[in-house]
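This report concerns only the one structure given below.
The values are calculated or read from the model by the stated rules, or taken from the named source; none is laboratory data. Because the structure is a prediction, the values reported are computed rather than measured. As a convention, Cβ positions derive from the backbone with ideal geometry for all residues, glycine included, and neighbour counts pool all protein chains shown.
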Amino acid sequence: MPTLAIAILNWNGKKWLEKFLPNVLEYSDEATVYVIDNASTDDSVAFVEKYFPTVKIIINAKNSGFAGGYNEGLQHINEEIYCLLNSDVEVTENWITPILELFEKNPDIAAIQPKIRAFKNSKYFEFAGAAGGMIDHLGYPYCRGRVFETIEEDLGQYDDETEIFWATGCALFIRREDFWKMKGFDERFFAHQEEIDLCWRLKNAGRKIYYCGKSTVFHVGGGTLNKQSPQKTFLNFRNNLTMLLKNLPTSSLFWIIPLRLVLDGIAGIYFGMKDGFPHLIAVLKAHFGFYGMFAESLKLRSKHQIKDYYQTKWLIFKHFL
């Protein structure tokens, strides 16, 4: 079996470490567990040092978000497989072995995610990953088991092992070699959709992303940034557009980006009416943020873009209309 490091990124997350770290240690004998601290201002580092002496601690110089935090911290970890695990995740018995076996069986696989179910409503899949990430031709991410806000109950319908488009960042197993060949996450994203961008770049490079239904974890969600936060809205819209600019095939780029800008404007009005005016402002700020990153994003476009990147067409119209 390849060597495995479980890397938990922490920012002021003592309550999550206290709740879930014992569970991770109990069911992860195959791994070395690390906490990468993103310049926390609480006493979470001292807490881990005192109560979990077997856990290795890496302290980052500043809080540079999910993307930058992992890029900085993972430089100090040498195991062959990284498992990027959110601090608000409960793992289960035998969650690691099926994933390592899948890596060993297929060297073309760069990244794998387990089944993600909701901690608070455990019969159902969880928003961030569910049973494997997909994307439609306009760049809207969705999951097997979760389309926009509609979430399925787990009835065993996704107990398979299959290729997917993107693997969730809340429990992302990835080969160390593949992570660094892609130069890690795009740190400009800070947080949200950086894992989709990374998986897309891996697929453009000919690598495969997989889902393993034999492994299950339970995710709380919103542990660091609340789902209703306008900042979350800003990051999701800006990063999604930036990801499209970096990875779409050239033949699709010049009509999808303008159409998405229009659809985002409509979505912004909807969110403004539903969740409050700050969310409309967040979408507008996201567009200006995208324009500000435009030139650099063009330079970061992959040399080769796969044309069969999507799993469905017109998802937003099929779902809402």
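Some observations on this one:
- Consider the range 203-233 and keep the residues that are buried (at least 23 other Cβ atoms within 10 Å of the Cβ) and among the hydrophobic types (A, V, I, L, M, F, W, C). The one that is nearest to S302 (Cα to Cα) is I209.
- Residues within the range 258-277 that are surrounded by fewer than 17 Cβ atoms within 10 Å (Cβ to Cβ) and either touching a residue at least 12 places away in the same chain (Cβ under 8 Å) or of a type outside the set (V, I, T) (or both), tallied: 11
- Segments classed as helices (runs of 4 or more DSSP H), wholly inside the range 1-113, with at least 2 members that are of a type outside the set (D, E) and over 20 Å from A167 (Cβ atoms): 14-26, 44-51
- Being assigned to a strand (DSSP E or B) and within 20 Å of N247 (Cβ to Cβ) is not true of L138.
- Residue match in the range 122-141 (condition: at pLDDT 95 or above, more than 18 Å from H192 (Cβ to Cβ) and among the β-branched types (V, I, T)): no
- Checking each residue in the range 127-138 for being in contact (Cβ under 8 Å) with a residue 60 or more places away in the chain and within 15 Å of the chain's Cα centre (by Cα) picks out F127, A128, G129, A131, G132, G133, M134, I135.
- Counting residues in the range 167-176 that are assigned by TED's automatic domain parsing to the domain that holds N78, in a helix (DSSP H, G or I) and touching a residue at least 12 places away in the same chain (Cβ under 8 Å) gives one or more.
- Failed item in (1) at pLDDT 95 or above; (2) outside the structural domain of M293 (by TED's automatic domain parsing), with L244 passing the rest: (2)
- Looking only at the range 167-202, and only at residues there that are charged (D, E, K, R) and in contact with a strand residue (DSSP E or B) (Cβ under 7 Å, 6 or more places away or on another chain), the one that is surrounded by the most Cβ atoms within 10 Å (Cβ to Cβ): E195
- All positions within the range 200-232 that are modelled with pLDDT under 95, over 15 Å from the mean Cα position of the chain (by Cα) and hydroxyl-bearing (S, T, Y): S229
- Qualifying residue in the range 10-26 (condition: within 20 Å of E177 (Cα to Cα), in contact with a Ser or Thr (Cβ under 7 Å, 6 or more places away or on another chain) and surrounded by 19 or more Cβ atoms within 10 Å (Cβ to Cβ)): no
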